[in-house]
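Please read the structure below before turning to the comments.
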Amino acid sequence: VRRFADTLVPVERWPLTPSTDIPLPAADLQRLVDAAAGARKGGIDLFTATDRHLAAAALSHSGKIYRAAGADDAAFHYRYPVGGVLQQAATEGDYFLRAVVVMGKPGTWPAISYRDRQYGFEYSSFNLKQGKKPIVLIVGDGRGQFRLTTFEAALPEAFSTSSFLPGRVDRFLRDRATPLEPTPVKKK
């Protein structure tokens with residue numbers, strides 16, 4: 001028996017990657033970094049140490065950016081930022097992402113939890129089912145340095161619904177082939 005934590009590839013082992021080598025247009029990378037850094041100003045960190053408070057931003061194949069910050073509470077039901085950003089994309093029916101950027105306190109490398117890696121792996125499996133590339137997972141130190149991997153490489157012994165219920169995932173993606181239109185908000 002192995003602990004799940006033993007299968008995590010530490011962020012410090014992900015390759016340092018110059019921004020010019022990240023497989024995104026420079027403008028898209030900057031939009032993601034700005035979105036994640038901005039999201040980190042929000043969230044809830046009443047019990048989370050400042051250097052552990054994280055935020056994430058995701059870029060979909062449709063060009064939309066989603067963002068989320070971590071949130072804690074007194075019962076220690078921490079809401080993870082990658083899971084939050086993926087939930088936002090799914091709520092909009094946007095199931096195919098190109099990249100996720102995670103940012104923490106400037107000058108530090110964010111520690112991506114097992115749970116967020118699993119969420120990302122599940123979501124990336126949608127890309128793979130459709131013949132798209134895996135989601136690029138990027139962490140930034142807030143000072144212009146980046147580390148790059150995929151959810152598959154960050155959690156090499158992961159499993160997904162695509163592994164044990166591939167037909168169900170195919171039906172799910174077929175039934176939700178196009179992103180949802182935003183629900184209009186009525187003005188008073």
Selection from segment 75-94 of residues that are farther than 20 Å from Ala154 by Cβ and buried (at least 21 other Cβ atoms within 10 Å of the Cβ): Asp94
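Please return the ranges of helices (runs of 4 or more DSSP H) entirely within segment 93-167 where 2 or more residues are of a type in the set (Ser, Thr, Tyr) and under 23 Å from Arg52 (Cα atoms).
114-129
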So which residues in segment 95-107 are open to solvent by 40 Å² or more (accessible area, probe 1.4 Å) and in contact with a helix residue (DSSP H, G or I) (Cβ under 6 Å, 6 or more places away or on another chain)? Lys105
Failed condition for Ser125, given (1) open to solvent by less than 50 Å² (accessible area, probe 1.4 Å); (2) farther than 25 Å from Gly144 by Cα; (3) modelled with pLDDT of 95 or more; (4) not aliphatic (A, V, I, L, M), with all others met? (3)
In segment 9-20, what residues are under 14 Å from Gln145 (Cα atoms) and touching a residue at least 40 places away in the same chain (Cβ under 8 Å)? Val11, Glu12, Trp14, Pro15, Leu16, Thr17, Pro18, Ser19
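The values are calculated or read from the model by the stated rules, or taken from the named source; none is laboratory data. All values derive from a computational prediction rather than experimental measurement. Because the Cβ atoms are built from the backbone with ideal geometry, glycine has one as well, and the counts that use them run over all protein chains shown. For the accessible areas, the whole protein counts, side chains as well, though only heavy atoms, and no ligand, DNA or RNA atoms are used. Shrake-Rupley method; radii C 1.70, N 1.55, O 1.52, S 1.80 Å.
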